Amino acid sequence: MVVSPIAYARDVKRAKKQVGFYFADSNLPYDKFMWTLYSKDPEHWIPISTIASFKRMREYARDLI
């Protein structure tokens, strides 16, 4: 699928915003799944493959890959 540069830039912006939401102080402490992943690693790394597997992120990944 060919994606226009404008649509690509829009999706990148939306994906960044969504990732920001996942790690925001208003979400992370209350999201049990994310908090478990976040707390599991001493440096608080969460695999990008895990983030990319979330339903909302799959929408962007489909268009960005």
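The values are calculated or read from the model by the stated rules, or taken from the named source; none is laboratory data. Since the model is a prediction, treat every value here as computed from it, not as a measurement. Using ideal geometry, Cβ is built from the backbone for each residue, glycine included, and neighbour counts are taken over all protein chains shown.
Of the conditions (1) in contact with a helix residue (DSSP H, G or I) (Cβ under 9 Å, 6 or more places away or on another chain); (2) surrounded by fewer than 10 Cβ atoms within 10 Å (Cβ to Cβ), residue 2 clears all except one; give me its number. Unmet for residue 2, out of (1) in contact with a helix residue (DSSP H, G or I) (Cβ under 9 Å, 6 or more places away or on another chain); (2) surrounded by fewer than 10 Cβ atoms within 10 Å (Cβ to Cβ): (1). Report whether or not residue 65 is modelled with pLDDT of 90 or more, of a type in the set (Val, Ile, Thr) and out of contact with any His (no Cβ under 6 Å at 6 or more places or on another chain). Judged against the criteria, residue 65 is not a match. Considered as a group, the residues in the stretch 8-20 that are surrounded by 13 or more Cβ atoms within 10 Å (Cβ to Cβ) and within 17 Å of residue 46 (Cα to Cα) include one that is nearest to the chain's Cα centre (by Cα), and that residue is 19.
Within the stretch 25-45, residues that are at positive phi have Cβ atoms under 7 Å from residues that are surrounded by 11 or more Cβ atoms within 10 Å (Cβ to Cβ) and at pLDDT 95 or above in these pairs: 44/38, counting only partners at least 6 apart in sequence or on another chain. Scanning the stretch 29-60 for residues being of a type in the set (S, T, N, Q) and within 13 Å of the chain's Cα centre (by Cα) gives a total of 3.
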